[in-house]
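Read through the structure below, which is laid out as structure tokens, and then see the notes.
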Amino acid sequence: MRSHVRVVLLFLAVALAYAGLGLLPGRTFAPLDLPLDAGAWKPDPTQRIRVSNTLLGDVVVQFVAWDREITHLLARGELPWTNRWAGDGGPLFANPQTALFSPFTWPRLLFGLKGWALTAILKLLAAALCAYWFARELDVPREQALVCGFVYATAGYTIVWLLYPITNVFALLAGLAAAALRLMKTPSIRNALLVLVFAALCTAGGHPESLFIGAIGIWIFLSWEAERRREFGGLSAIIPSTVGAFLGFAILAVQLAPFLTILGDSYAGELRPRLPHPFRIWGVVSQVLPGVLGTPLRGELDLTALPVAENFNLRAGGFIGAIVLLAIVLAWRQLAPALRRGLVIGSVALVLSWYPPGLWSVLRHVPVLRVLTLEYGVLLFVLFGAMAGGPAIAFAATRRRRKIGAALAIVGLLAVITGVFPLLPGAHATLTRVARGGIEQLRARGHLQQAPAVYEARLAYYLDAAGLTTVRRLAIPGACWLVAGLALALPLRRRAALLTLAAAGELLSFGIGFNPAVRMDAIPPEPPVVTALKQLDPARQSLIAEHFEVFPANLATLYQVRDVISYDALTTKARVAQLLPAGYDPLLHTFNPMLAPDETRALASLGVRYVLSRVDVPNARRVAGPPAPAVGIYELENAPPVPLPANHHPTGLYAGIVISLIALFLSAVWLHLFTLEAPTMQQFESRAS
């Protein structure tokens, strides 16, 4: 019992290191300072306001906005069926990303902005404990299992998606795997109930893609285990776990059925197969050095604008630490067969997530796979890589490895020197020339749109950010590599402990601070144009339209004004067909920054009376806002009033309720079977006689 308490306290300390600042007075873990850089809050379009993490925009415009509307509806005694402020009525209950049935969502709904830190802490703690449990079920020794739990909770996939529904699922996937494996070993009502509960909780998490990929990978692993291990007696051993998981998934049909009904008519099914997916070379590099192109954090440089680059979350999601990766390679032959089998599955998923040349040209024509985001496949590599991480470090430390250790130490030393170079006084002139040349190349290629003088004014910030970025993303990991290399190369008695500390340091330096705790006084107030909108349309009978750099879609939900766009993946084909003539971009969920006359007429026909814009809008007059280039409100002609959408329950709800009730009944019957004793041979003989 005491050992379990120590494990919980250790992982709780790790969770607090990442999210504890969000619990302090005057702080929130929700990145609500992000709108400060939107046009509605700043008069000068060339001004750049540095916010906490530019890549967390969806947290603000989707999850915070949905939470706010859900709590408003519940406070009024209504169930949260529909977001009346988004488009023609955005789905709330039927949208799995609202995750209404997930315990990770409840702190946010109960405690508002303070609940975000609690949610993050609970996710990190659950991820670590579930991974520790799965490792123990795989017969990993306790001390090594602690490392497995740490790697899983601090890996790239957990940290970059910490505030998203993705980790509602991912934090518990290891628990589902552990419960299923335990049921295979020991069929019992308790273990069967664990499979049911974890399957239901993963489904409630609100990210069907992560659940689909994770469940497929786990069941391939369990099938492989059942086939290879004699004590399981073949593939029939996975039947109880499969039945339990299926029933657990079906219990959430009350939400899944409405979601699948909407999904079948959503535009995403048409859009996703058309998207290009080139080979993700930066995803490969980021397995070792995730900060190679910088990060979206304030004070650091972000080179995502480079051609063929991608956002930090996607390219760093598969990171488990270069030291852990090296340890797995070194210890491959010594790892248990089950761990190697898991790594094979994870490695295949990792390679597929990079979109090797020719892969997407085939998969885009395959049902289901054509709408799947393969980048999420890295979760299987993180899952099985974390399970192997603890044993791999222990095995790698069993003997000296002079050549490999020396090479790693040299690489680490070079990384440290390179990382601190921008901070040296003599490096400033050289870096200035390089920065100016890079800016000019990006402008020539069309990746930077502002005038040269704007970037020249920002150059000092870029140089300071470059220094901080190289120190944190190159020098500090390099120092960890240096320590690990020395631990491998030198005749040390505590080689395993030193190697573990170096691996932990690399992961901590990667993830701590990626999700910043924002000061409450940094949250922007309601912008003047929104205040003016409410005065112009107090009954909320008109819609607004805008470019996302002016006022991102779904921010309207936060301020209770009506946007013609619903920023989610479930917009219907019919609605997109209405929006396209108005200059709508379904990929970015926005309109053209400079609207044509035909586009404004199309907007007016949809009930858009007001457009937020920095430039003049055809067929409209400016009715509010400061002079251009500040954002003003333009009123379109002949826009009919649009009543607020009704808060109706979604299609498929009743069918989902019936399926959920049937699943609950069958679950009770299935659990009861585990209480029945199997008849013995003597009982059969006595009955026969």
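Assorted remarks:
- Each other residue within a Cβ distance under 13 Å of GLY317 adds +1 if Lys or Arg and -1 if Asp or Glu, for a net charge of -1.
- Its relative contact order, with pairs defined as Cα atoms under 8 Å and 6+ residues apart, puts the chain at 21 percent.
- If both residues of a DSSP beta bridge must be in the stretch 528-636, then about 65% of such bridges are antiparallel.
- Scalar couplings 3J(HN,Hα) for the stretch 340-352, obtained by applying the Karplus form with A = 6.51, B = -1.76, C = 1.60 to θ = phi - 60°, are 5, 5, x, 5, 4, 4, x, 5, 4, 4, 5, 5, 4 Hz; x denotes Gly and Pro.
- Placing dummy labels 7 Å off each Cα toward the beta-carbon, the span from VAL362 to THR430 is 4.6 nm.
- For the stretch 183-286, the orientation-averaged shadow of the C-alpha convex hull comes to 9.5 nm² (one quarter of the hull surface).
- Neighbourhood net charge (14 Å Cβ-Cβ; Lys/Arg +1, Asp/Glu -1) for ALA145: 0
- Order by protection proxy (mean Cβ within 10 Å, highest first), peptides 526-537, 64-75, 207-218: 207-218, 64-75, 526-537
- Between the stretch 539-603 and the stretch 15-87, the alpha-carbon center distance in angstrom: 19
- Excluding same-chain neighbours fewer than eight residues apart, the lysines reachable from LYS123 by a Cα-Cα span under 18 Å are LYS114.
- Antiparallel DSSP beta bridges within the chain, percent to nearest 5: 75
- Backbone HN-Hα couplings from phi across the stretch 537-552 [Karplus 6.51/-1.76/1.60, Hz, Gly and Pro as x]: 9, x, 8, 6, 9, 10, 9, 10, 9, 5, 8, 5, 6, 8, 7, x
- Model label zone, PHE674; criterion: amide N under 17 Å from point 7 Å along Cα-to-beta-carbon; scope the stretch 162-197: 175-197
- Per-residue ellipticity at 222 nm, computed for the chain from helices alone with -39500 (n - 2.57) per DSSP H run of at least four residues, works out to -16500 deg cm²/dmol.
- Each other residue within a Cβ distance under 14 Å of VAL195 adds +1 if Lys or Arg and -1 if Asp or Glu, for a net charge of +2.
- Between the stretch 341-364 and the stretch 282-298, the alpha-carbon center distance in angstrom: 20
- Candidates per trypsin sites (Lys or Arg not before Pro) in the stretch 416-496, loop by DSSP, up to 13 other Cβ within 10 Å: ARG445, ARG493, ARG494
FYI, it's all coordinate maths here, none of it is from the lab. Quick caveat, the model's predicted, so the values are computed rather than measured. Every residue, glycine among them, receives a Cβ derived from its backbone with ideal geometry; neighbour counts consider all protein chains shown.
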